[in-house]
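Student: Starting off with a structure, shown below.
The values are calculated or read from the model by the stated rules, or taken from the named source; none is laboratory data. Just so we're clear, the structure is a prediction, and the values are computed from it rather than from any experiment. Neighbour counts are summed over all protein chains in view; Cβ atoms, including those assigned to glycine, are modelled from backbone coordinates with ideal geometry. Just the protein is used for accessible areas: all its heavy atoms, side chains included, with ligands, DNA and RNA removed. Shrake-Rupley method; radii C 1.70, N 1.55, O 1.52, S 1.80 Å.
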Amino acid sequence: MEYIELYRGDITKIKVDAIVNAANTSLLGGGGVDGAIHNAAGPQLREECSGHGGCPTGQARITNGYRLPAKYVIHAVGPVWKGGKFKESVMLQSCYRSALDLAEGKHAKSIAFPAISTGVFGYPAEEAAGIAVKTVRDWLKYPPTINRIVFVVYNDAAENVYRKLLT
Ligand code: AR6
């Protein structure tokens, strides 16, 4: 468990090899953490994103980080919460796995995740955090290059939920 940390604050400020974005299927930006990442990275990020031609829910795409302290941005498309019977949990798990696989493919050593889908997309925070932590822990069972995983929380509620799961 020494691999996993909790950080309270803005993901755009963290110096890790890769930060994960909670994107939508267009990959062309939006509000929330997506907006913050695009603002901080600058217009080249949008340009590179548009070259991907979108990304399906449950998958992720990797780009450079441009003006961010992070070298890469991994744009993961989480599910929109529709009550829980529409494979939301499978899709969310798949987002975390795809992001970790892409980071590993670039030999990244550190990665930071926001609480994907828990803002605009409406996924209940506690359930989403449970999936995030379990998926990352399971993935870490195979010896990876990544040796630092940061869960970034942006408010009290999210911090409490993650703290409970991680201690
Ligand atoms: N750093 C870390 N976490 C943040 C930041 C930040 N700067 N800003 C917000 N959060 P959301 P979603 C937290 O809505 O639910 C966008 O328009 C926030 O408190 O950003 O996956 C996209 O383009 C919440 O816990 O992402 C998509 O259309 C978490 O990040 C859609 O929203 C995720 O909230 C994606 O919705």
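Student: Under 10 Å, Cα contacts only: if you run a Gaussian network model on the chain, which one of K141, K109, K13 comes out with the highest mean-square fluctuation?
Tutor: K141
Student: For the range 4-166, which whole-number percentage of the solvent-accessible area (1.4 Å probe, protein heavy atoms only) is attributable to carbon and sulfur atoms?
Tutor: Values: 3990 of 7750 Å².
Within the range 4-166, the accessible surface is 51 percent carbon and sulfur.
Student: Just to be sure I understand: with springs between alpha-carbon atoms less than 10 Å apart, which residue in P79, P43, P69 has the highest mean-square fluctuation in the Gaussian network model of the chain?
Tutor: Per the Cα network of the chain with a 10 Å cutoff, P43 tops the list.
Student: Cβ under 13 Å from A23's Cβ, A23 left aside: what net charge do those residues give with Lys, Arg +1 and Asp, Glu -1? Provide the component values of the computation, followed by the final result.
Tutor: Details: positive: R46, R61; negative: D34, E48.
Net charge around A23: 0.
Student: Still on this structure, I have one more. In the neighborhood of N64, defined by Cβ-to-Cβ distances under 9 Å, what is the net charge if each Lys or Arg adds +1 and each Asp or Glu adds -1?
Tutor: Numbers: positive: K71; negative: E48.
Local charge sum for N64: 0.
Student: Now a separate question. Placing unit charges on C-beta atoms (Lys and Arg positive, Asp and Glu negative, everything else neutral), compute the dipole magnitude of the range 4-166 about its Cα centre in debye, rounded to 20. If you can, show how the numbers build up before the last one.
Tutor: Values: 19 positive and 14 negative charges, 52 e Å.
Dipole of the range 4-166, to the nearest 20 debye: 260 debye.
Student: While we're looking at this one, here's another question. Under 19 Å from a point 7 Å along the Cα-to-Cβ line of L28: which residues of the range 77-100 have their amide N that close?
Tutor: 77-78
Student: Who wins for biggest fluctuation among G130, G53, G35 in a Gaussian network model of the chain, springs between alpha carbons below 10 Å?
Tutor: Result: G53 has the largest fluctuation of those listed.
Student: When a/c reaches 1.5 or more, the comparison of a/b and b/c decides; with that in mind, is the range 1-136 rounded, prolate or oblate per its Cα gyration tensor? Working shown, then result.
Tutor: Values: a/c = 1.55, a/b = 1.21, b/c = 1.28.
Verdict is oblate for the range 1-136.
Student: Give the relative contact order (percent, whole number) for the range 4-166; include only Cα pairs under 8 Å separated by 6+ residues. Please report the intermediate quantities before stating the final value.
Tutor: Numbers: 330 pairs, mean separation 47.6, N = 163.
Reported as a whole number, the value is 29 percent.
Student: Name the lysines eligible as straight-distance cross-link partners of K164: C-alpha to C-alpha under 22 Å, and not fewer than 8 places from it in the same chain.
Tutor: K134, K141
Student: Same structure, new question: Give me the net charge of E88's neighbourhood, meaning all other residues with Cβ under 12 Å from the Cβ of E88; Lys, Arg count +1, Asp, Glu -1.
Tutor: Details: positive: K82, K85, K87; negative: E127.
So the environment of E88 carries a net charge of +2.
Student: Report ³J(HN,Hα) in whole Hz for each residue of the range 146-163, in order, from the Karplus equation J = 6.51 cos²θ - 1.76 cosθ + 1.60 where θ = phi - 60°; Gly and Pro get x.
Tutor: Karplus-based 3J(HN,Hα) across the range 146-163 equals 4, 10, 8, 10, 10, 8, 9, 10, 10, 8, 4, 4, 5, 4, 4, 4, 5, 4 Hz.
Student: Follow-up. Out of all DSSP beta bridges with both ends in the range 9-167, state the antiparallel percent to the nearest 5. Before the final figure, lay out each step's value.
Tutor: Working: 5 of 17 bridges.
Taking every DSSP beta bridge within the range 9-167, about 30 percent pair in antiparallel fashion.
Student: Same structure, new question: Which ³J(HN,Hα) values, rounded to whole Hz and listed in residue order, are derived for the range 53-64 from phi using the Karplus coefficients 6.51, -1.76 and 1.60 in 6.51 cos²θ - 1.76 cosθ + 1.60 with θ = phi - 60°, glycine and proline given as x?
Tutor: Those phi angles translate into x, x, 7, x, 4, x, 10, 8, 9, 10, 9, 6 Hz.
Student: Next question, about the same structure. So what are the ³J(HN,Hα) numbers for the range 131-140, from phi and the Karplus equation (6.51, -1.76, 1.60; θ = phi - 60°), rounded to whole Hz, Gly and Pro as x?
Tutor: With coefficients 6.51, -1.76 and 1.60, one gets 5, 4, 5, 5, 5, 5, 4, 4, 4, 6 Hz.
Student: Under 5 Å between amide H atoms, partner at least 5 residues away or on a different chain: which partners does V153 have, H built in plane at 1.01 Å?
Tutor: Residues meeting the amide H criterion: Y7, R8, G9.
Student: Long-range amide H contacts for N64: which residues qualify at under 5 Å (H placed 1.01 Å from N, peptide plane, sequence gap of 5 or more or a different chain)?
Tutor: Correct list: V73.
Student: How many angstrom separate the Cα center of the range 1-35 from the Cα center of the range 81-138?
Tutor: 11 Å
Student: Ok, one more. Per the helix-only calculation at 222 nm, which mean residue ellipticity applies to the chain, given -39500 (n - 2.57) for every DSSP H run of n ≥ 4 and division by its residues, nearest 500 deg cm²/dmol?
Tutor: The per-residue figure over the chain is -11500 deg cm²/dmol.
Student: Cross-link list K15/K85; K13/K85; K13/K106: which exceed 25 angstrom alpha carbon to alpha carbon?
Tutor: On the way: K15/K85 37 Å; K13/K85 36 Å; K13/K106 21 Å.
Checking Cα-Cα distances, K15/K85; K13/K85 exceed 25 Å.
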